[in-house]
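The structure appears right after this line, and notes come after that.
Read-outs throughout are calculated quantities, based only on the coordinates presented, and are distinct from any laboratory measurement. Quick caveat: nothing in here was measured; it's all calculated off a predicted structure. When we count neighbours, we look across all protein chains shown, and the Cβ atoms used for this are built from the backbone with ideal geometry, even at glycine.
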Amino acid sequence: MKLSAALPIILGLMLAGPAASQTTPAQRSYVATAAQYRVVSNVVYGVADGFETKLDLYLPRGQQGPRPTLIQFHGGGWVGGSKEGSSLSFLPYLEMGWAVVNVGYRLGRVGLAPAAVEDGLCALRWVIRNAEQYGIDANRLVLTGYSAGGHLSLTTGMTPASAGLDRQCPGNEPLRVAAVVNWYGITDVGDLLDGDNMKSYAVQWMGSMPNRYEIAERVSPLTYVRAGLPPILTIHGDADPTVPYDHALRLRDSLDRAGVPNRLHTVPGGGHGNFTVDEFQGIYEVIRGFLAEHVTR
């Protein structure tokens, strides 16, 4: 369900019944947010494997000047999920007055690795090329995503042009972002193809390609750690059964050695998302502080 469809339902439930006359500040905030945004749906940003890749834009109405913008990638192990299914997760950014770009990409049934990584880079270039038209501040772009989407937020923000994974993307604008907010993303794809950490979603994304470990290295964020990367915030539960917590630790340690500004926020006992309300509140306090330090100052 898209935010444009979901918000009226949510707001109706919030405002219905005897308590409607006692509207809370939070309820008024949601009403204001719904009224202040317009949605541009299913914009084609690329074509590959005969498949149109699409994104949705959530844009403030009557905005004054270009807005900081979140670019979000959904999860699903690169083989499932949809941009529509994750549309409510960026509500906190809409409440902050940000623009949001919600990105769809080729899933495994359409294109095996590295297709989704290529699409992430093409989506970023599309946003940069069209920033002025949509009131987007190309100097304040933040990438985010959950699980496989966290992985794509990392590869989109970290992959250098020399990797050649952006060759299908129209244009030649440098691909730069202000920061990455990574929610329990995979950082070493090869680690999930065999052994104790083998995961069926990763095996499915690679298929039966004989050079799958070579491709896995090519699409792993840890491959591209180097000085000069944008600041990176990682959120990960230390009891995650789907993406090993060790992936977050290894990324943090590698970024530290390279001198890249970064932070790891660990959710004690946290699994693969599905955190409590209090845990989410704490996470967004960390996110807001991170953005204030590195993006909106």
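Length gain on complete extension for the stretch V44 to R257, per 0.36 nm per residue less the alpha carbon to alpha carbon distance?
72.8 nm
Does the range 256-297 come out rounded, prolate or oblate by the C-alpha gyration tensor, with a ≥ b ≥ c the root eigenvalues, rounded set by a/c under 1.5 and, if not, prolate when a/b is larger than b/c and oblate if not?
Oblate shape, in that a/c is at least 1.5 and b/c is the bigger or equal ratio.
How do 140-152, 51-63 rank on mean C-beta neighbours within 10 Å, highest first?
140-152, 51-63
What is the P(r) of the range 162-297, as percent of Cα-Cα pairs per 5 Å bin from 0?
Bin by bin from 0 Å, the calculated values are 2, 9, 17, 18, 19, 17, 11, 5, 2, 0.
Across the range 196-208, in residue order, what do the Karplus-derived ³J(HN,Hα) couplings come to in whole Hz, using 6.51 cos²θ - 1.76 cosθ + 1.60 with θ = phi - 60° and x for Gly and Pro?
4, 9, 4, 10, 4, 5, 5, 4, 5, 5, 8, x, 9
What does DSSP give for the chain in terms of the percent of beta bridges that are antiparallel, rounded to the nearest 5?
35 percent
Given a Förster distance of 22 Å, report the FRET efficiency between R109 and Q168 from their Cβ-Cβ distance, rounded to the nearest 0.05.
So the FRET efficiency works out to roughly 0.70.
Under unit Cβ charges (Lys, Arg +1; Asp, Glu -1), what dipole magnitude, rounded to 20 debye, does the chain have relative to its Cα centre?
Dipole of the chain, to the nearest 20 debye: 840 debye.
Go from 0 up to the bin containing the longest alpha carbon distance in the range 111-198, width 5 Å each, and give me the % of pairs per bin.
In whole percents, the pair-distance histogram is 3, 14, 22, 24, 19, 10, 4, 2, 1, 0.
Of A216, G46, G77, which is farthest on the positive side of the dipole of the chain, counting Cα position, with +1 on Lys and Arg Cβ, -1 on Asp and Glu Cβ, and the Cα centre as origin?
G46
So what is the calculated 222 nm ellipticity per residue for the chain, using -39500 (n - 2.57) for each DSSP H run with n of 4 or more, over all residues, to the nearest 500 deg cm²/dmol?
When only DSSP H runs of four or more count, the value is -10500 deg cm²/dmol.
Could you list which residues have their amide H under 5 Å from that of L264, counting only those 5 or more apart in sequence or on another chain, with H placed in the peptide plane?
It is T234, by chain and number.
Which residues' amide hydrogens lie under 5 Å from the amide hydrogen of G270, considering only partners 5 or more residues apart or on another chain, with H built in the peptide plane?
Sorted by chain and number, the residues that satisfy this are D238, A239.
Could you give me the ³J(HN,Hα) list for the range 264-281, computed from phi with Karplus coefficients 6.51, -1.76, 1.60 and θ = phi - 60°, whole Hz, x at Gly and Pro?
10, 9, 8, 9, x, x, x, x, 8, x, 6, 6, 6, 4, 4, 5, 5, 4
Starting from the range 146-203, pick out the trypsin sites (Lys or Arg not before Pro) whose DSSP state is loop and whose Cβ has at most 15 other Cβ atoms within 10 Å.
Here the trypsin sites (Lys or Arg not before Pro) that fit, given the DSSP loop and packing criteria, are R167, R176.
For S200 and E214 in the same chain, what is the full-extension length gain: residue separation times 0.36 nm, less their Cα-Cα distance, in nm?
Separation in residues times 0.36 nm, less the Cα-Cα distance, equals 3.2 nm.
Which of the three applies to the range 31-188, rounded, prolate or oblate, going by the alpha-carbon gyration tensor with a ≥ b ≥ c and a/c under 1.5 meaning rounded?
prolate
When Rg/Rh (Cα atoms, Kirkwood Rh) is calculated directly from the model, which label among [x] 1.14; [y] 0.96; [z] 0.93 fits?
[y]
With a ≥ b ≥ c taken as the square roots of the eigenvalues of the C-alpha gyration tensor of the range 82-127, please select rounded if a/c is under 1.5 and otherwise prolate if a/b is larger than b/c or oblate if it is not?
The shape class here is oblate.
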